[in-house]
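K.L.:
A single structure is presented below for examination.
The values are calculated or read from the model by the stated rules, or taken from the named source; none is laboratory data. Keep in mind it's a predicted model, so treat the numbers as computed, not measured. For neighbour counting, all protein chains shown are included, and Cβ atoms are generated from backbone atoms with ideal geometry for every residue, glycine included. Ligands, DNA and RNA are excluded from the accessible area calculation, which covers all protein heavy atoms including side chains. Shrake-Rupley method; radii C 1.70, N 1.55, O 1.52, S 1.80 Å.
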Amino acid sequence: MKGVIMAGGSGSRLRPLTCGRPKPMTPLINKPVMEYAIELLKNHGITDIAVTLQYLPGHIKDYFGSGSQWGVNLHYFVEEVPLGTAGSVKNAEEFLDDTFIVISGDALTDFDLSKAVDFHFDSESLATLVLTRVDAPLEYGVVITKSDGRIRRFLEKPGWGEVFSDQVNTGIYIMQPEVLQEIPSEGMYDFSKNLFPKLFEEQKPLYGCLAEGYWCDIGNIEQYRQAHIDMLSGKVNQEIAGNEIAPGVWVGTDVFIDPDAEVVGPAVIGNSCRIGPGVKIEPYTVIGQNTIVEQGVSIKRSIVWEGCLLGKQSALRGAVLCQHVTTGSNVSLFEGAVVGDYCKLGSFSVVKPEIKIWPHKVVERDTQVNSSIIWNSKCGKILFGKEGVPGKINVDFTPECAARLGGSYGGTLSPSQRVLVSSDGQPGAEMIKDAFVSGLLSTGVNVYEAGPLTTPLHRFGVGFLGADGGVYFKTISEDGQRLKIQFFDEKGIDIGRDTERKIENFFHREDFRRASGQDINYVLSTPDFVSAYLSFLEQGIVEDFWKYNPEIVLCTRGNPAEAALNLLFEKLGVTVHEVKEELYQESTENLDNIFCSVSETVAKTNALFGAVLDRHGEKLAVVDVKGTVIQNEFLTVLLSLVYFMHNKTGRYVAPVTVPKAVEDIAHTFGGEVIRTKTAARSVLEAKVKEDNKLNNPSCLQFFLEFDRVYTIVKLIDCLLRYSVCLSKLIDKIPKFHVSVKEIQCPWTTKGTVMRTLIDEGQDNQVELLDGIKVYHDQGSALVLPDAEEPLYNIYGEGYSQEIAESLTDMYLEKINCIVKNNNASQNKKQ
């Protein structure tokens, strides 16, 4: 049996800890994290070990040498160019002539490898993935196995709708040497992205072994700190080097601790340290060798690497100091601060929470460091939600944060590319937009800045201008405090998750491109595309539209394109009866009042229908002469009918949340329904694909679903074209009954919920396109984790409203029980 340690990582997400050193050499309790991997293999009798290297290989070779100090034989294999995880192991093929185990050189674990090896041989597996269970599986490869361990399905870094289990791939693999024949000799080739899907498709014996014990993928600074806390807490079955002079206090050789100093464990003090009088070292602190801690210093939950000097009366709270950092007296470092190698912090300086300082920087006396040096200021953590980046103005989105986000987005583009930027015109959105544009310009990207627009008009403008992307800022709360930033590609479609991750990586690493002064451009004047948009809306409507003298009732609710709408309807000969809203609010009571006013006006004027449009042009409620309000899933079903009346044998795209009635309508017209995930990009991409197949595109579902002005025009056109009133059109819709409810669920329990529901639903027909949809005798229930909030959305559909309600209630209770049981289990462990 041989071992392979993958040690080629650069650790970009760990910067500045990994500036100038490979990730496996990052110290953990005063020794490189890779050393733990060597010791683990040795403890399980594996002493012949290959080490795959790529980034700064000399650092690892120089430290570990032949491996004889650890009782192992190390053989190094260096990649001249990046080969990927599988490719790097293929590079050691000449050495791997027997069954071998692959382990990461930058992860910490105490798994029983011998037990996993026994499972591998007992299963007669070609490749065995060692699995573990985690609370939040989003950043890992999720794996679903059969009862015998054979892999059923796996997904690499899924969205919440794809988290079908909390079992994840740990990056530890046991393999037969024959598997190397499946890996190409050249080019990038990964285990998770390439090899395992290939073996799975070819139905090769691919198994997953669920291991018990501790495992931590040290991928970012938060995980790095947590690994220290877990080691000191005894959660990891690993010995801590040093003499335990008091419960939980380990001290190296040649250490001096002044009698007036206080050390409270768990804590570790490395070799040859000097701890001065009045020093207080509190729990979960690690101090590296050759460090001097002067009088009155206070250290709590901090990690100090070797060779540091901490000046008198300084205070560290949850900070990380890399090698040879020097501080003057009375320096304060707060939670999450990270200081790189050889930095010097002047006396009375303050490093604020979450600040990163790259190596070899000097902070002058009495300086308060509020932003990472030399990069932009540090803002709250921003993550993409279901449709863009949500946050609170001047809390999550400060101007400094917005500028950095703009720079991060610009980092994904080439300097010559162009971006259309606009907002809904609200003051907060405008402020954040302007700051964002500054950051975007700083990367050398060209910017078109339009005035206030609706979201659909912005999408249209991206395509019309031939821009390479678009960014739209919109307020999403009635008090104007919450904002959402949407990013679009060159087609006006929401960017994909890969691009989102690139933006997030640039944002958190803070190392995006900076243009020189001469390469920064002015904001470009935006050509008029509103006229082109209005002309587009007129396409495909019934001839002599104006002769019908149609009338509608309209409430635009502060829509910034209101003037353009009035121009359009005037040109089409549509008489518009406006219903004004005194104050824009999203409350149920306010909307009910608006619907009532619109319904009364429809009845008085004998208009075709009433339409209530939101500020962003994305939400629409239609009111008929009877006062029936058509919105949400009811409106989607109605629009599918309108679509098939124009395109009788077409294919209509609908996310999994849309009721089954759309299939019934499609069947009536000889058409078909294509189901997608709920993410906007998934729906939009599929709709554009189907629209492009139409020979006579008089009704495009892309715009029908995502541009509510287009929806209004096509609905008027349909009623006139087929001489039917809206109430009669509604009567043609098959009866359906739905119930939509939500339940709170901690982020850390979402994966457990999905796994449990899948296990329980094996006796029923189950779909796993997005979330889990379980079919029952008289209906179905879709359980969908929310991407932005710690909750689940439950969609019940049945032959009656009572059945739909009972299905949602049943799954609410199931999730509630799973959450309670998981909490009880966690409390018991603690």
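K.L.:
Residues with amide H under 5 Å of Val263's amide H, sequence separation 5 or more or different chain, H placed in the peptide plane at 1.01 Å from N; which?
P.N.:
Hits under the 5 Å cutoff: Ile281.
K.L.:
Quick one: accessible surface of Glu335, probe radius 1.4 Å, all protein chains present, in square angstrom to the nearest 10.
P.N.:
Accessible area, nearest 10 Å²: 80 Å².
K.L.:
Starting at the first residue of region 525-540, write each ³J(HN,Hα) from the Karplus equation 6.51 cos²θ - 1.76 cosθ + 1.60 with θ = phi - 60°, in whole Hz, x for Gly and Pro.
P.N.:
Values per residue, Gly and Pro as x: 6, 8, x, 5, 10, 5, 4, 5, 5, 5, 5, 4, 5, 7, 5, x Hz.
K.L.:
Still on this model: Once you have the Cα-Cα distance between Ser531 and Ser414, take 0.36 nm times their residue separation minus that, and quote the gain in nm to one decimal.
P.N.:
Here the segment from Ser531 to Ser414 would lengthen by 39.1 nm.
K.L.:
While we're on this one: Could you tell me what percent of the DSSP beta bridges with both partners in the chain are antiparallel, to the nearest 5?
P.N.:
Of all bridge pairs located within the chain, approximately 45 percent are antiparallel.
K.L.:
On a C-alpha basis, how far is the centre of region 518-562 from the centre of region 756-830 in Å? Whole number, if you could?
P.N.:
Between the Cα centres of region 518-562 and region 756-830 lies a distance of 43 Å.
K.L.:
For the pair Lys689 and Asp664, how long in nm is the line joining their label points, each one 7 Å along Cα→Cβ?
P.N.:
2.8 nm
K.L.:
Could you look at the chain and say what percent of its accessible area is carbon and sulfur, using a 1.4 Å probe and all protein chains?
P.N.:
On the way: 16180 of 34490 Å².
Looking at the chain in its full context, I get 47 percent from C and S.
K.L.:
Can you give the three extents of the C-alpha atoms in region 1-118 along their principal axes, from longest to shortest, in whole Å?
P.N.:
Principal extents (Cα only, largest first): 40, 32, 24 Å.
K.L.:
Still on this structure, please answer the following. I need the fraction of alpha carbon pairs in region 661-704 separated by more than 18 Å, rounded to a whole percent.
P.N.:
Numbers: 310 of 946 pairs.
Tail of P(r) above 18 Å: 33 percent of Cα pairs.
K.L.:
Under a 5 Å amide H to amide H cut-off, with H placed in plane at 1.01 Å, what residues pair with Tyr76 once short-range neighbours are removed?
P.N.:
Distant-sequence amide H within range of Tyr76: Val51.
K.L.:
Report the Rg/Rh value for region 494-583, based on alpha-carbon coordinates and the Kirkwood definition of Rh.
P.N.:
Here Rg/Rh amounts to 1.21.
K.L.:
Moving on. Need one value: the accessible area of Met431 in square angstrom, 1.4 angstrom probe, rounded to the nearest 10.
P.N.:
About 70 Å², ignoring ligands and nucleic acids.
K.L.:
Considering every pair of different Cα atoms, what Kirkwood radius, in Å, is found for region 537-679?
P.N.:
This gives a value of 16.7 Å.
K.L.:
When Lys and Arg each count +1 and Asp and Glu each count -1, what net charge do the other residues less than 10 Å away from Lys204, Cβ to Cβ, add up to?
P.N.:
-3
K.L.:
Turning to a different aspect of this structure: Counting C-alpha atoms alone, how compact is region 694-830: give Rg to one decimal and Dmax as a whole number, in angstrom.
P.N.:
20.3, 69
K.L.:
Which whole-percent values make up P(r) of region 43-85 when all C-alpha to C-alpha distances are grouped in 10 Å steps starting at zero?
P.N.:
27, 50, 22, 1
K.L.:
I've got another one for you. Can you work out the accessible area per residue across the chain, with the rest of the protein chains kept in place, probe 1.4 Å, in square angstrom?
P.N.:
Details: 34490 Å² over 830 residues.
In whole numbers, the chain has 42 Å² accessible per residue.
K.L.:
Moving on to the next point. To the nearest Å, what is the center-to-center distance of region 414-469 and region 80-137, using C-alpha atoms only?
P.N.:
46 Å
K.L.:
Tell me, in nm to one decimal, what length is gained between Tyr342 and Glu551 on full extension, where the rule is 0.36 nm per residue of separation less the Cα-Cα distance?
P.N.:
Values: separation 209, 0.36 × 209 = 75.24 nm, distance 7.43 nm.
Result for the pair: 67.8 nm of gain on full extension.
K.L.:
Using only DSSP helix segments of four residues or longer, with each worth -39500 (n - 2.57), what per-residue ellipticity at 222 nm results for the chain after dividing by its residue count and rounding to 500?
P.N.:
Value at 222 nm, helices only: -9000 deg cm²/dmol.
K.L.:
Report the calculated FRET efficiency for Tyr522 and Lys741 (r = Cβ-Cβ distance, R0 = 56 Å), to the nearest 0.05.
P.N.:
Calculated transfer efficiency: 0.65.
K.L.:
Any idea how far apart Asp759 and Thr253 come out in nm if each label point goes 7 Å out from Cα toward Cβ?
P.N.:
Placing both labels 7 Å along Cα→Cβ, they lie 5.0 nm apart.
K.L.:
Additional query: Would you please give the residues with an amide H less than 5 Å from that of Cys209, counting only those at least 5 places away or on a separate chain, with H modeled from the backbone geometry?
P.N.:
Here Leu129, Val130, Leu131 satisfy the definition.
K.L.:
Now for a separate question. Kindly state, as a whole number, the per residue volume in cubic angstrom of the convex hull around the alpha carbon atoms of region 421-490.
P.N.:
74 Å³
K.L.:
With a Förster radius of 45 Å, plug the Cβ-Cβ distance of Ser185 and Lys820 into 1/(1 + (r/R0)^6) and report the FRET value to the nearest 0.05.
P.N.:
Once the sixth-power term is evaluated, E becomes 0.25.
K.L.:
Could you give the dipole magnitude of the chain about its Cα centre, charging the beta-carbon of Lys and Arg +1 and that of Asp and Glu -1, in debye to the nearest 20?
P.N.:
Around 900 debye, computed over the chain.
K.L.:
Related question: How large is ³J(HN,Hα), in whole Hz, for each residue of region 767-779 in order, when computed from phi with the Karplus curve 6.51 cos²θ - 1.76 cosθ + 1.60 and θ = phi - 60°, using x for Gly and Pro?
P.N.:
Rounded to whole hertz, the list is 10, 10, 5, 8, x, 10, 10, 10, 8, 10, 4, 10, x.
K.L.:
Still on this structure: Dividing the Cα convex hull volume of region 207-257 by residue count, how many Å³ per residue is that?
P.N.:
For region 207-257, the hull spanned by Cα atoms encloses 121 Å³ per residue.
K.L.:
Moving to a separate point now. Pop a pseudo-label 7 angstrom from the Cα along the beta-carbon direction at both Asp135 and Val81 and give the gap in nm to one decimal.
P.N.:
4.3 nm
K.L.:
Still on this structure, please answer the following. Per residue, what volume in Å³ does the Cα convex hull of region 263-343 take up?
P.N.:
Cα-based convex hull of region 263-343, divided per residue, equals 60 Å³.
K.L.:
Here is a further query. Probe 1.4 Å, all protein chains in place: accessible area of Ser698 in Å², nearest 10?
P.N.:
20 Å²
K.L.:
May I pose another question? What net charge is computed for the residues neighbouring Phe736, neighbours being all others with C-beta under 10 Å from the C-beta of Phe736, Lys and Arg scored +1, Asp and Glu -1? Could the numbers behind the result be given before it?
P.N.:
Numbers: positive: Lys660, Lys735; negative: Glu633, Asp664, Glu797.
That sum, taken over residues with Cβ under 10 Å, equals -1.
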